[in-house]
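Enquirer: Next up is a structure, given as structure tokens.
The values are calculated or read from the model by the stated rules, or taken from the named source; none is laboratory data. A quick note: this is a predicted structure, and the numbers were derived from the prediction, not measured. Virtual Cβ from ideal backbone geometry, glycine too; neighbours counted across all protein chains shown.
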Amino acid sequence: MAVSTIYSTQALNSTHFLTSSPSSSSSKQVFFYRRHQSQTNRRFNTIITCAAQQQTVVIGLAADSGCGKSTFMRRLTSVFGGAAEPPKGGNPDSNTLISDMTSVICLDDYHSLDRTGRKEKGVTALDPRANDFDLMYEQVKALKSGIAVEKPIYNHVTGLLDAPELIQPPKILVIEGLHPMFDERVRDLLDFSIYLDISNEVKFAWKIQRDMAERGHSLESIKASIEARKPDFDAFIDPQKQYADAVIEVLPTQLIPDDNEGKVLRVRLIMKEGVKYFSPVYLFDEGSTISWIPCGRKLTCSYPGIKFDYAPDSYFDHEVSVVEMDGQFDRLDELIYVESHLSNLSTKFYGEVTQQMLKHADFPGSNNGTGLFQTIVGLKIRDLYEQLIANKATAPAEAAKA
Ligand SMILES: Nc1ncnc2c1ncn2[C@@H]1O[C@H](COP(=O)(O)OP(=O)(O)OP(=O)(O)O)[C@@H](O)[C@H]1O
Ligand SMILES: O=C(CO)[C@H](O)[C@H](O)COP(=O)(O)O
């Protein structure tokens with residue numbers, strides 16, 4: 001590769017070399033980007049090349065560990081079609097999932113301290129000091145502008161930082177994890193952001209179910225881990241919800257007085273008004289305040305039933321619309337009745353929400369508002385992507401006309 005220019009910067013306590021090579025085609029530029037970190041305890045990150053033509057749409061998904069990010073990602077990827085898989089022939093412990101349209105990268109890969117390092121320094125993975133936001137920003141920015149990156153891998157099996165993996169710029173890049181909206185520079189790169197806000201009671205119930213049943217942890221160790229993370233969760237993770245375009249809030253039901261089982265859930269979809277390419281979903285009549293119990297002839301409900309609410313509201317000083325579902329479905333095929341009363345769903349055909357929910361009936365939350373709202377947000381993201389792409393395609397023509 002003929003190298004024409006070399007830039008060197010001293011930002012981020014590291015030395016950067018960005019070289020650009022002229023290409024025979026003026027519409028294609030090839031970059032070779034090497035980042036040599038001055039901290040000797042970490043590896044080199046070399047970012048290599050690719051045609052920087054397409055622009056990647058970037059979605060941020062924030063939540064604490066064990067709050068349903070992976071489940072949400074599976075629903076989202078399914079809306080775009082095709083199965084998501086780890087990079088072929090790569091590290092078996094990679095956290096990345098790639099499908100035709102989407103690449104999902106896990107921000108745990110930007111932990112700057114491995115498990116031992118965190119223990120030695122007495123910090124949790126939620127602490128910004130345990131994460132490399134400079135590298136996160138550089139790499140998300142590179143991917144967004146069509147440049148492939150070599151991203152580190154945090155290995156959850158060993159607790160170590162593994163050799164990096166090559167990530168090509170996808171059509172849709174989802175960055176999921178603890179801090180997608182923490183760093184202002186990264187936040188500004190997001191075309192849409194989601195926060196999964198799981199109340200403590202529900203988080204505890206889910207953690208117990210997963211970590212005891214699937215990972216063999218004791219009840220005491222789960223309690224201790226939740227308690228140990230709480231201060232950093234409150235300080236660094238939870239505040240990100242104020243920046244989210246959509247928040248899915250999961251709370252205990254209000255339909256059963258003093259419920260402490262945590263099985264029936266009240267789920268709220270909080271949607272910011274005025275977000276470009278995103279128009280909030282509504283029930284019956286846009287902008288009004290509605291309470292609806294759909295149980296009856298067209299929807300089978302057993303105790304404690306189902307209740308929907310819809311209203312305008314404010315959230316961290318932003319105007320929002322909120323659709324709420326408390327309770328759970330007995331028969332998922334009857335969801336079509338509820339779907340037909342919701343508007344602005346961005347479906348491509350009548351019944352698409354119900355079809356998606358039935359397709360993944362075995363995913364956690366398929367019988368309640370978590371699955372329903374995750375599916376709806378997936379459809380809204382598809383719509384946002386299509387609008388962004390269509391807008392980009394017409395923009396040069398409009399500019400030429402002017
Ligand atoms: N909507 C839901 N309803 C009930 N349980 C759920 C729901 N979503 C997730 N869970 C439970 O929480 C567990 C964690 O879900 P998931 O793996 O999707 O979370 P995660 O945020 O990706 O976790 P991690 O970051 O730790 O990998 C699941 O095994 C399941 O038991
Ligand atoms: O909050 C987390 C996000 O998934 C993890 O706890 C963090 O990534 C550290 O992982 P591990 O516990 O495997 O060392």
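Enquirer: Could you list, in sequence order, all residues of the stretch 134-175 that are within 16 Å of ligand 2 (Cβ to nearest atom) and either out of contact with any helix residue (DSSP H, G or I) (no Cβ under 7 Å at 6 or more places or on another chain) or in a loop (DSSP other than H, G, I, E, B) (or both)?
Expert: Within the stretch 134-175, Asn155, His156, Val157, Thr158, Gly159, Leu160, Leu161, Asp162 qualify.
Enquirer: Checking Gly262 against (1) more than 16 Å from ligand 1 (Cβ to nearest atom); (2) not in a helix (DSSP H, G or I), only one condition comes out false. Which one?
Expert: (1)
Enquirer: To continue, here is another question. Being among the hydrophobic types (A, V, I, L, M, F, W, C), without any contact (Cβ under 8 Å) to a residue 12 or more places away in the chain and more than 16 Å from ligand 2 (Cβ to nearest atom) is the filter here, so list the residues in the stretch 218-263 that pass it.
Expert: Hit for the stretch 218-263 is Leu219, nothing else.
Enquirer: I'd like the full set of residues that are part of a helix (DSSP H, G or I), modelled with pLDDT of 95 or more and buried (at least 20 other Cβ atoms within 10 Å of the Cβ), limited to the stretch 178-227. Give the derivation first.
Expert: As a first pass, look at the stretch 178-227 and keep what is part of a helix (DSSP H, G or I): 184-187, 200-213, 219-227.
Of the ones still in play, those that are also modelled with pLDDT of 95 or more are 184-187.
Hit for the stretch 178-227 is Val186, nothing else.
Enquirer: Next question. Would you call Ala52 of a type outside the set (Phe, Trp, Tyr), at pLDDT 50 or above, away from ligand 2 (no atom under 16 Å from the Cβ) and in a loop (DSSP other than H, G, I, E, B)?
Expert: no
Enquirer: How many residues are under 19 Å from Ala84 (Cα atoms), surrounded by fewer than 22 Cβ atoms within 10 Å (Cβ to Cβ) and within 15 Å of ligand 1 (Cβ to nearest atom) when one looks only at the stretch 97-152?
Expert: 2
Enquirer: All but one of (1) modelled with pLDDT of 95 or more; (2) outside any loop (DSSP other than H, G, I, E, B) hold for Leu113; which doesn't?
Expert: Single failed check for Leu113: (2).
Enquirer: Exactly one condition in (1) away from ligand 1 (no atom under 16 Å from the Cβ); (2) in a helix (DSSP H, G or I); (3) not β-branched (Val, Ile, Thr) is false for Ser346; which is it?
Expert: Condition not satisfied by Ser346: (2).
Enquirer: Determine whether the stretch 332-346 contains at least one residue that is within 16 Å of Ile248 (Cβ to Cβ) and assigned by the TED database to the domain that holds Leu251.
Expert: There is at least one residue in the stretch 332-346 that is within 16 Å of Ile248 (Cβ to Cβ) and assigned by the TED database to the domain that holds Leu251.
Enquirer: Of all residues in the stretch 270-292, count the ones that are exposed (fewer than 13 other Cβ atoms within 10 Å of the Cβ) and free of Cβ contacts under 8 Å to residues at least 24 places away in the same chain.
Expert: 5
Enquirer: Can you name the residue in the stretch 61-90 that is away from ligand 2 (no atom under 15 Å from the Cβ) and touching a residue at least 40 places away in the same chain (Cβ under 8 Å) and, of all such residues, is surrounded by the most Cβ atoms within 10 Å (Cβ to Cβ)? Can you show your working first?
Expert: Filtering the stretch 61-90 down to residues away from ligand 2 (no atom under 15 Å from the Cβ) leaves 74-90.
Filter again for touching a residue at least 40 places away in the same chain (Cβ under 8 Å), leaving 74-76, 78-80, 87, 90.
Numbers: Arg74: 17, Arg75: 24, Leu76: 26, Ser78: 18, Val79: 22, Phe80: 17, Pro87: 16, Gly90: 14.
Restricting to residues being away from ligand 2 (no atom under 15 Å from the Cβ) and touching a residue at least 40 places away in the same chain (Cβ under 8 Å), the top hit is Leu76.
Enquirer: Please verify whether Ala224 is of a type in the set (Gly, Ala, Ser) and over 23 Å from Lys276 (Cβ atoms), treating the condition exactly as stated.
Expert: yes
Enquirer: Given the condition touching a strand residue (DSSP E or B) at 6+ places or on another chain (Cβ under 6 Å), in contact (Cβ under 8 Å) with a residue 12 or more places away in the chain, within 12 Å of ligand 1 (Cβ to nearest atom) and not basic (Lys, Arg), answer yes or no: does some residue in the stretch 163-170 qualify?
Expert: no
Enquirer: Give the residue that is nearest to Thr253 (Cα to Cα), with candidates limited to residues of the stretch 270-304 that are among the polar types (S, T, N, Q) and assigned to a loop (DSSP other than H, G, I, E, B).
Expert: Per the stated criteria, the residue is Ser302.
Enquirer: Within the stretch 176-191, does at least one residue satisfy the condition of being in contact with a Leu (Cβ under 7 Å, 6 or more places away or on another chain), of a type in the set (A, V, I, L, M), farther than 16 Å from Asp234 by Cα and more than 16 Å from ligand 2 (Cβ to nearest atom)?
Expert: Checked against the condition, which is being in contact with a Leu (Cβ under 7 Å, 6 or more places away or on another chain), of a type in the set (A, V, I, L, M), farther than 16 Å from Asp234 by Cα and more than 16 Å from ligand 2 (Cβ to nearest atom), the stretch 176-191 yields no hits at all.
Enquirer: Which is under 25 Å from the mean Cα position of the chain (by Cα) and either in contact (Cβ under 8 Å) with a residue 12 or more places away in the chain or surrounded by 15 or more Cβ atoms within 10 Å (Cβ to Cβ) (or both), of Val338, Val267?
Expert: Values: Val338 fails: under 25 Å from the mean Cα position of the chain (by Cα).
Every option except Val267 fails the conditions.
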